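To start, the structure under review is shown below, and the notes come after it.
The values are calculated or read from the model by the stated rules, or taken from the named source; none is laboratory data. In this text, all values refer to a predicted model and were calculated from it rather than measured experimentally. So basically every Cβ, Gly included, is an ideal-geometry build from the backbone, and we count neighbours across all protein chains shown.
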Amino acid sequence: MASTNWDAWRFLLGEWAGSGGGTPGQGGGDLSFQFDLQGQVLVRRNHVDFPATTDRPTFSHDDLTIIYPDAAGSTRAVYFDNEGHVIHYAVTMAADMIIMISEPDPSSPRFRTTYWKGENETAGTRFEIAPPGKPEDFAIYIEGIVKRK
């Protein structure tokens, strides 16, 4: 396994509490980024509770993302959630911003997850979806702000 420079991820390390909203409604929960396997991978865990509305009952969303260096030295990620979704991402890192984007597939939606460093121990997060056949036509599905615990 190749090694990676984790410096761009440092602003996200630790435990966070946050809230946000979008297509599934307004929700709040916890997020963490922790190294695992002796620093070879970074594990993101996320839990969000969505309160009941007039249209749907209370529900929770849980997901796990494993960020890792591939054999070519690029950073990749794989995402799993309690709804059965699996998303494979290529990762771009810049100063105070991380962008994870899935490969285009004409028959499937494309996904993009972005994190950016905020002020006063906060960070922003956005999950976007592009419809099948329109791989660059991203629309925000959910967006939020987290604060370091």
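Considered as a group, the residues in the range 123-138 that are farther than 15 Å from Ile99 by Cα and surrounded by fewer than 16 Cβ atoms within 10 Å (Cβ to Cβ) include one that is farthest from the chain's Cα centre (by Cα), and that residue is Gly133. Out of the residues in the range 40-89 that are hydroxyl-bearing (Ser, Thr, Tyr) and within 23 Å of Gly18 (Cβ to Cβ), state the one that is modelled with the lowest pLDDT. Of everything passing the filter in the range 40-89, Thr53 is modelled with the lowest pLDDT.
Val78 - would you say it is touching a strand residue (DSSP E or B) at 6+ places or on another chain (Cβ under 8 Å), farther than 27 Å from Glu119 by Cα and among the β-branched types (Val, Ile, Thr)? Considered against the rule, which asks whether it is touching a strand residue (DSSP E or B) at 6+ places or on another chain (Cβ under 8 Å), farther than 27 Å from Glu119 by Cα and among the β-branched types (Val, Ile, Thr), Val78 comes out as yes. Selection of strands (runs of 3 or more DSSP E) fully inside the range 92-149 by the criterion of at least 1 residues being more than 19 Å from Gly28 (Cβ to Cβ) and among the hydroxyl-bearing types (Ser, Thr, Tyr) returns 97-102, 110-117. Taken over the range 80-91, residues that are without any contact (Cβ under 8 Å) to a residue 24 or more places away in the chain and either assigned to a strand (DSSP E or B) or surrounded by 13 or more Cβ atoms within 10 Å (Cβ to Cβ) (or both) amount to 5. Checking each residue of the range 69-78 against the condition of being farther than 23 Å from Pro135 by Cα, in a helix (DSSP H, G or I) and either of a type in the set (D, E, K, R) or free of Cβ contacts under 8 Å to residues at least 12 places away in the same chain (or both) gives no match.
Could you run through the range 91-149 and say how many residues are of a type in the set (S, T, N, Q) and closer than 19 Å to Ser74 by Cβ?
Adding up the residues that qualify gives 4.
Considering every residue within the range 90-110, establish whether at least one is touching a Phe, Trp or Tyr at 6+ places or on another chain (Cβ under 6 Å), charged (D, E, K, R) and at pLDDT 95 or above. Checking the range 90-110: not a single residue is touching a Phe, Trp or Tyr at 6+ places or on another chain (Cβ under 6 Å), charged (D, E, K, R) and at pLDDT 95 or above. Applying a threshold of 7 Å to beta carbon distances and a minimum spacing of six or more residues, or different chains, the list of pairs starting in the range 42-55 at a residue that is without any contact (Cβ under 8 Å) to a residue 60 or more places away in the chain and ending at one that is acidic (Asp, Glu) and surrounded by 15 or more Cβ atoms within 10 Å (Cβ to Cβ) reads Asn46/Asp63; His47/Asp30.
Quick check on the range 93-107. Is at least one of its residues surrounded by fewer than 17 Cβ atoms within 10 Å (Cβ to Cβ), more than 19 Å from Asp63 (Cα to Cα) and in contact with a Pro (Cβ under 6 Å, 6 or more places away or on another chain)? Scanning the range 93-107 turns up at least one residue that is surrounded by fewer than 17 Cβ atoms within 10 Å (Cβ to Cβ), more than 19 Å from Asp63 (Cα to Cα) and in contact with a Pro (Cβ under 6 Å, 6 or more places away or on another chain). Among the residues of the range 18-26, is any outside any loop (DSSP other than H, G, I, E, B), closer than 24 Å to Thr92 by Cα and at pLDDT 90 or above? Yes, that holds for at least one residue.
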